[in-house]
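Right, one structure below, let's go through it.
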Amino acid sequence: MVQLTNIRPYIIVAIFSLIYGVFRFSSTLEDSRSLGNPNYVDPAALHVRGEFVESNLGAVLNMDGSVTTRMVAERYLFVPDRITLPVGIPVRLRITSADVPHAFRVAGVRVKVVPGFVTEVHFSFSSPGEYEVQCEEFCGPGHHAMAERFIAVPKKDFLAANLSGASASAQSGVPRGSR
Amino acid sequence: MDPARSSIGVRGAVLICIAIVVFSELLGLPMLRRTKERETFPVESPAVPGAPSLVVWNESTILAASDGNPVRGQFIARRCETCHGIEGFSSRSSTPNLAGLGREYVWKQLDDFRSGKRKSEIMQRIASALSSPDSADVAAYFSMLPSTPDAQFNPSFPQNMQDRSLANVARRMLSVGDPSRGIPPCEACHGPIGYVRAAPGLGSQNSDYVLSQLDDFASKNRSDDIDLPMRTIAGQMHENEREAVAEFYGAGLGRFTVGYSIGK
C-alpha cells in the first residue's frame, strides 16, 4: 500500500497529467471548424480577394456530387439572403463574418461565425421545405431581424437546375420582395 | 523496503511529467493551434474585377478617411456649392444633402466615384480632380456642418410627406424592420440607435435622393455597398416601403429615434 510519505510525487504527476491532458487533447475550439488547415481571412477585404468575393457566394455543385456553399454574415443580414440546397446530398457550408460574431442553427448543426476565421460545417437536409433561420449571437440593434432562408428542394430539381448550365449563384441574387 | 528510498520523489515526478509531454509531442496528437501558426493576411493584391468597391477598411484607410482638415476642406468645397448648396443642403430634392454626413462615408463615395465603382458621369469627373487627402478634407468639412438647414439659402429639405398614411409603414421599417423577411431596421445601421462603418446618416437627406438610391440598390444599378447589405435589403423592400421610408426621411422625421407602437 502507498504510505502517506510517498504520495506527494504521485499527486504531482496526477494533477499535472490532468491539466496537461485538458490542454493537450481539448477539442472545444474544434466543434465547427475543420481540424486540418485553419482558414484565416481578412474580414475587411472579403469583397476584393479570396473565396468570399461576391461572384463566389452561393451554392455550387462539386465534381464528386456534393455541394459547397459560401456565405458571409454581417450586420444585420446573411449574404446571400436565401439559398436553395438539395435534400439528401451532403452540403459543405463555409461561412465567415465581415464584422462581429454571429451564429445560427441549420439542419441540426450549430454554426458559429467569427470574423477572421472560416467556419466549415457539413450537413444534409432530410426533407424538403423552407427553413427560416435566425441569428442566435447578439450582434447589435438589428440582431432581432437577422434571418436567412434555406430552401431545401428535392435532389432532382436541384440537379436539373445546376447541371443545365444555369449558375446556382444567380438564384441567390433574387430579392425576396419580388416573390 | 525503506519507504524513503522506494519513493520516486519530487524529482522523479517532474521527470515523469516531462516524459508525458515529450511522449505526446512525439505522437503528434492534436493540439490547440498556436497563434504563431496564424498566417499573415496576404499583401495587397489587385482586387477582383467584380469587386463592389476598391475601398478596404483597414487601419490606413480608416486613418486616411477620417483625418482630414476641415478648414482646407471648406476651401475645396466651394466648388460643391452649385449643386449641393452653400451649407451642404441642396435646393433640389434629387441631389443629396452633404451636411452632417460621416467622414468615412463621404471619403469612400468620392473614392467610388473616382474608380467608377459608383456610376455618375458628373461626380466621376469631379472626384477625379480630388486626391485622397483632398477627399478627406472635404469629408471633414461636410461632417462638421449643422444638420439643420438655414431657410434663407433655399434648401429643399425638409419636404412635406405627400402621403401621410405611409408614415406608419416608414416608422415600422425604421425602428423594427421586418424580421420575417430578414430586413433590419434602418436605424440599426444609419442611426440614431446604431451605426455601422460608412453607413450614411439619413436624418437630413432629401426624399427623392433616398428613393433613387434605394431603387438603384434594388435594381443593382448601384453596387458599391461592401458585402451587399443595401442591395439585399432594398431588394427585399416592397416599392411602397421604399417610397414611405424616403418620404419619411425627407420630411425630417427620421432625425431622432423613431418609436413604433402597434395598434395606434
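The values are calculated or read from the model by the stated rules, or taken from the named source; none is laboratory data. Computed from a prediction, not measured in an experiment: that's the story for all the values here. Positions of Cβ are backbone-derived with ideal geometry, glycine not excepted, and every protein chain shown enters the neighbour counts. Calculation scope for accessible area: heavy atoms of the full protein, side chains included, ligands and nucleic acids excluded. Shrake-Rupley method; radii C 1.70, N 1.55, O 1.52, S 1.80 Å.
The lone criterion from (1) within 14 Å of chain A (Cβ to nearest Cβ); (2) within 15 Å of the chain's Cα centre (by Cα); (3) surrounded by 20 or more Cβ atoms within 10 Å (Cβ to Cβ) left unmet by B:V106 is number (1).
What do you reckon, is B:G235 open to solvent by less than 30 Å² (accessible area, probe 1.4 Å), touching a residue at least 24 places away in the same chain (Cβ under 8 Å) and out of contact with any Leu (no Cβ under 8 Å at 6 or more places or on another chain)? In short, no. Scanning the stretch B:217-228 for residues that are at the interface with chain A (Cβ under 9 Å from one of its Cβ atoms) and not hydrophobic (A, V, I, L, M, F, W, C), we see that the one that is surrounded by the most Cβ atoms within 10 Å (Cβ to Cβ) is B:D227.
On the given criteria, is A:A161 in a strand (DSSP E or B), more than 14 Å from every other protein chain (Cβ to nearest Cβ) and either crowded, with 19+ Cβ neighbours inside 10 Å or of a type outside the set (S, T, Y) (or both)? It is false that A:A161 is in a strand (DSSP E or B), more than 14 Å from every other protein chain (Cβ to nearest Cβ) and either crowded, with 19+ Cβ neighbours inside 10 Å or of a type outside the set (S, T, Y) (or both).
Screening B:L253 on (1) crowded, with 24+ Cβ neighbours inside 10 Å; (2) of a type in the set (A, V, I, L, M, F, W, C); (3) farther than 24 Å from A:E74 by Cα shows it passes everything except condition (1). Taking residues in the stretch A:50-71 that are in contact (Cβ under 8 Å) with a residue 40 or more places away in the chain and among the small types (G, A, S), and partners anywhere that are open to solvent by 50 Å² or more (accessible area, probe 1.4 Å) and part of a helix (DSSP H, G or I), the pairs with Cβ atoms closer than 9 Å and at least 6 places apart or on different chains are A:G58/A:A170; A:G58/A:Q171; A:A59/A:Q171.
Going by what's in this entry, would A:E132 be described as assigned to a loop (DSSP other than H, G, I, E, B) and either closer than 20 Å to B:G182 by Cβ or not charged (D, E, K, R) (or both)? Walk me through it before giving the result.
Values: assigned to a loop (DSSP other than H, G, I, E, B): no; either closer than 20 Å to B:G182 by Cβ or not charged (D, E, K, R) (or both): yes.
In short, no.
Across the stretch B:45-82, the number of residues qualifying as part of a loop (DSSP other than H, G, I, E, B) and either away from chain A (no Cβ under 14 Å) or aromatic (F, W, Y) (or both) comes to 4.
Anything in the stretch A:86-105 that is away from chain B (no Cβ under 14 Å) and either within 10 Å of the chain's Cα centre (by Cα) or farther than 25 Å from A:H144 by Cα (or both)? List them, or say none.
In the first step, residues of the stretch A:86-105 are kept if they are away from chain B (no Cβ under 14 Å); the result is A:86-94, A:101, A:103, A:105.
Residues satisfying the conditions are A:P86, A:V87, A:G88, A:I89, A:P90, A:V91, A:R92, A:L93, A:R94, A:A103, A:R105.
Among the criteria (1) of a type in the set (S, T, Y); (2) open to solvent by 60 Å² or more (accessible area, probe 1.4 Å); (3) free of Cβ contacts under 8 Å to residues at least 24 places away in the same chain, the one B:T148 does not fulfil is (3).
Just give me the residues in the stretch B:181-211 being within 14 Å of chain A (Cβ to nearest Cβ) and surrounded by 23 or more Cβ atoms within 10 Å (Cβ to Cβ), in sequence order.
Those that are within 14 Å of chain A (Cβ to nearest Cβ) and surrounded by 23 or more Cβ atoms within 10 Å (Cβ to Cβ): B:G182, B:I183, B:P184, B:P185, B:C186, B:E187, B:A188, B:C189.
Of everything in the stretch A:80-107 that's open to solvent by 10 Å² or more (accessible area, probe 1.4 Å) and assigned to a strand (DSSP E or B), which residue is nearest to A:H143 (Cα to Cα)? The residue in question is A:R105. Checking each residue in the stretch B:239-260 for being in a loop (DSSP other than H, G, I, E, B) and not small (G, A, S) picks out B:L253, B:R255, B:F256, B:T257, B:V258, B:Y260. Applying a threshold of 6 Å to beta carbon distances and a minimum spacing of six or more residues, or different chains, the list of pairs starting in the stretch B:117-141 at a residue that is open to solvent by 60 Å² or more (accessible area, probe 1.4 Å) and ending at one that is modelled with pLDDT of 95 or more reads B:Q124/B:F113; B:S128/B:R114. The condition (being more than 14 Å from chain A (Cβ to nearest Cβ) and touching a helix residue (DSSP H, G or I) at 6+ places or on another chain (Cβ under 8 Å)) is satisfied by just one residue among B:L253, B:L174, B:L214: B:L253. Considering only residues in the stretch B:154-180 that are open to solvent by 50 Å² or more (accessible area, probe 1.4 Å) and assigned to a loop (DSSP other than H, G, I, E, B), the one that is farthest from B:Y209 (Cα to Cα) turns out to be B:S180. Of all residues in the stretch A:110-141, exactly one satisfies the criterion of being in contact with a His (Cβ under 6 Å, 6 or more places away or on another chain) and either open to solvent by 20 Å² or more (accessible area, probe 1.4 Å) or farther than 22 Å from B:Y195 by Cβ (or both), namely A:E137.
Residues that are under 16 Å from the mean Cα position of the chain (by Cα), part of a loop (DSSP other than H, G, I, E, B) and not aliphatic (A, V, I, L, M) within the stretch B:181-204 comprise B:P184, B:P185, B:C186, B:G191, B:P192, B:G194, B:R197, B:P200, B:G201, B:G203, listed in sequence order.
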